[in-house]
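Shown next, in C-alpha cells, is the structure this report addresses.
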Amino acid sequence: MDEHIYPNEARFYEEVEAAGPWEVVPVIEELKPKARAAGLWNLFLPEDERGAGLSNLEYAPLCEVMGRSMLAPEVFNCSAPDTGNMEVLARYGTPEQQAQWLEPLLNGEIRSAFAMTERFVASSDATNIEAKIVRDGDDYVIDGHKWYTTGATDPRCKVFVFMGKTDPDNPDRYRQQSMILVPRDTPGVEVTRALPVFGFYGTPDRAGEVKFDGVRVPAANLLLGEGRGFEIAQGRLGPGRIHHCMRLIGLAERVLEKMCKRTLERVAFGKPVADQGTTRERIAESRIMIEQTRLLTLHAAHMMDTVGNKVAKAEIAMIKVAAPNMACQIVDWAIQAFGAAGVSNDFHLASAYAMARLLRIADGPDEVHRNQIARLELKKHA
C-alpha cells in the first residue's frame, strides 16, 4: 500500500476521470502484476477454491486495509463484482464453466458483471424480477431489462451472471428464479448506457443499464439448476455484504485521518479548527463509531466461519446496516471540516461519500436488513 497504492492515487483519479466508464484505467493494469508477484492475489477465496486459504476473520483486516484506497481492491483482484461472481462459479459452477470463466477471472485476465437489479420493479424484493429465461431445445432464450449492472461498461467484461425467472408460475416465489451465464458478446446483449453514482463514473463500480433481447445461450450455461437462483443469490450476497463493510471501515479510517490532519492545520477564529468543540466531538464520535463497527464486523466474520452464513444472517444484516451509515456520517463530518474543498474531489471525500451512500442500497437496502433483524429478534420472543 505504501510503496505502490498511495503514491498512485492521484494518477488513478486523473485516469478514471479521463477514461470514463468505458475504458481501462492504465495504472490498475500496471499494478496488478506487482500484487500477484507478491502473493497478494485472490485473498478473498479460501484455499480449496483456489484462493489464499484465509477465513473471513483472517481476511477482514486485509480487506479493511484495501478499503482505504479506491484503486486497491481491483489491484489485488479482490473487487466487486468479480469477487462475488468468482465465489458463485467456484461453489456452483461445473468444471466446464469454471475452466471457461473462473480461471480467467482468477488470473485477472477478464472481468465480469452481475445482472440482477431491474429498472421497472422494486428490486429490493428479488422475487419481483421480471426477466425471463425460457428453455428452447438445447438453449435458453433470455429477455430482460437490467440496470445498475455492476461491471457492465468495463471493456474487459466478458460474462454476465444473469438472474431471471424460469418458472414464474411456481407457487413458491423463491423457486421461480434461476441464474445463467451470458457471454458479453452474445447477440441481443446491449449495454445502453453507463449509470453514475452522484456524478462519478467508475468509482467505485462501473454500473450500466443493459437490455437482453432474445439472447440465446446453451442450456449448459445454467448455474446449479432451474429454480436455484435465489439460493445462489443468498450464497453470493452474504460474503459480498461483509466485504463491503470491511472496506468501509478502511475508508472511514482514512477519512478520519484526513479530517484530523486538516483541522490541526487550519486556523479559524484565532485557533486551529481542531480546537473547536464541535470538531472534537465529531472526531471522538468517529473513533467510537469505527471501533464499534469493526468489532461488529469481526464478530460477523467469526460467526460466518464457525456456524455458517445462514446462521449468521442476523449478524451479516446488522453490519450491512451499521457500516455504510457509519461511513456516511464520518465522511459527511469530514466534508464539513474541509469546507468547500470537501465537496470537490480534490481530497477524494466526495467519491468516498458516493461509495458509502451507494452501499446503503447495494446488496439490499437498509430497510430490508432492518426488517430482517427485527423479524429475527421478535421470533425469539414469540
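The modelled label-to-label distance between residue 14 and residue 267, using points 7 Å beyond Cα along the C-beta direction, is 3.3 nm. Name the most mobile residue of 153, 166, 278, meaning the one with the largest mean-square fluctuation, in a Gaussian network model of the chain with Cα contacts below 10 Å. Evaluated over the chain, the most mobile residue of the options is 278. Relative to the longest principal axis of the Cα atoms of the chain, helix 9-19 runs at roughly 50 degrees.
Look at the alpha carbon pairs under 8 Å that are at least 6 residues apart: their mean separation over the length of the range 222-318 gives a relative contact order of 28 percent. Computed from Cα atoms alone, the Kirkwood hydrodynamic radius reported for the chain is 21.6 Å. In a simple Cβ point-charge model (Lys, Arg +1; Asp, Glu -1; nothing else charged), the chain has a dipole of about 960 debye relative to its Cα centre.
Mean residue ellipticity at 222 nm, helices only, the chain: -15000 deg cm²/dmol; runs of at least 4 DSSP H residues each add -39,500 (n - 2.57), and the sum is divided by the number of residues.
What translational diffusion coefficient, in µm²/s and rounded to a whole number, does the Stokes-Einstein relation yield for the range 53-190 at 10 °C and a viscosity of 1.306 mPa s, taking the hydrodynamic radius as the Kirkwood radius over Cα pairs?
Rounded, D is 97 µm²/s.
Considering only 295, 181, 31, the Gaussian network model of the chain with Cα springs below 10 Å gives its largest mean-square fluctuation to 295. Let me know the Kirkwood hydrodynamic radius for the range 2-50, please, with Cα pairs as the basis and the value in Å to one decimal. Value: 12.4 Å, from the Cα pair sum.
With an a/c value of 1.5 or above and a/b larger than b/c for the gyration tensor axes a ≥ b ≥ c computed over the alpha-carbon atoms, the range 304-382 is described as prolate. Summing +1 for each Lys or Arg and -1 for each Asp or Glu, what net charge is found among the other residues whose Cβ lies under 10 Å from the Cβ of residue 85? With Lys, Arg at +1 and Asp, Glu at -1, the net is 0. For the range 156-255, the extents of the C-alpha atoms along the principal axes are 48, 30, 22 Å, listed from largest to smallest. Classify the range 1-124 as rounded, prolate or oblate from the Cα gyration tensor: take a ≥ b ≥ c as the square roots of its eigenvalues, call it rounded if a/c is under 1.5, otherwise prolate when a/b beats b/c and oblate if not. Here the range 1-124 falls in the oblate category. The alpha carbons of the range 116-161 occupy a box of 31, 30, 12 Å along the principal axes, longest dimension given first.
Computed on the range 267-382, with alpha-carbon pairs under 8 angstrom and 6+ residues apart, the relative contact order is 23 percent. Phi angles of the range 332-348 translate, via the Karplus equation with coefficients 6.51, -1.76, 1.60 and θ = phi - 60°, into HN-Hα couplings of 4, 5, 5, 4, 4, 5, 7, x, 4, 4, x, 8, 7, 10, 4, 10, 6 Hz per residue; Gly and Pro are given as x.
For the residues 150, 306, 127, a GNM of the chain with alpha-carbon springs under 10 Å puts the largest fluctuation on 306.
If you take the Cα centroid of the range 240-277 and the Cα centroid of the range 29-107, the two points sit 29 Å apart.
Mind checking which lysines have their C-alpha under 25 Å from residue 261, skipping anything on the same chain fewer than 8 residues away? Counting by Cα, and skipping residues close in sequence, residue 261 has these lysines nearby: 271. Could you tally the net charge around residue 343, taking each other residue with its Cβ under 15 Å from the Cβ of residue 343, Lys/Arg +1 and Asp/Glu -1? Value of the local net charge: +1. All other residues whose Cβ lies under 13 angstrom from that of residue 36 are scored, Lys and Arg at +1 and Asp and Glu at -1, for a net of -2. Residue order for 260, 157, 63, fewest other beta carbons within 10 angstrom first, comes to 260, 157, 63. What's the longest uninterrupted piece of the chain once you rule out the chymotrypsin sites (Phe, Trp or Tyr not before Pro) that are loop residues per DSSP with at most 13 other Cβ within 10 Å? Here the longest segment lacking exposed loop sites spans 1-119. Using only Cα atoms and rounding to the nearest 10 degrees, what angle (0 to 90) does helix 349-358 make with the longest principal axis of the chain? For 349-358 against the chain, the angle is about 40 degrees.
Among the listed pairs 146/320; 258/310; 132/158; 34/158; 32/313, a Cα-Cα separation exceeding 30 Å is found for 258/310; 32/313. If you keep only loop residues by DSSP, which GluC sites (Glu not before Pro) in the range 1-93 have at most 16 other Cβ atoms within 10 Å of their Cβ? Sparse-neighbourhood loop GluC sites (Glu not before Pro): 3, 23. Here the spin labels are modelled as points 7 Å beyond Cα on the Cα-Cβ line, and at residue 3 and residue 175 they lie 5.5 nm apart.
Read-outs: derived from the displayed coordinates by stated rules, not from any lab. Quick caveat: nothing in here was measured; it's all calculated off a predicted structure. Neighbour counts are summed over all protein chains in view; Cβ atoms, including those assigned to glycine, are modelled from backbone coordinates with ideal geometry.
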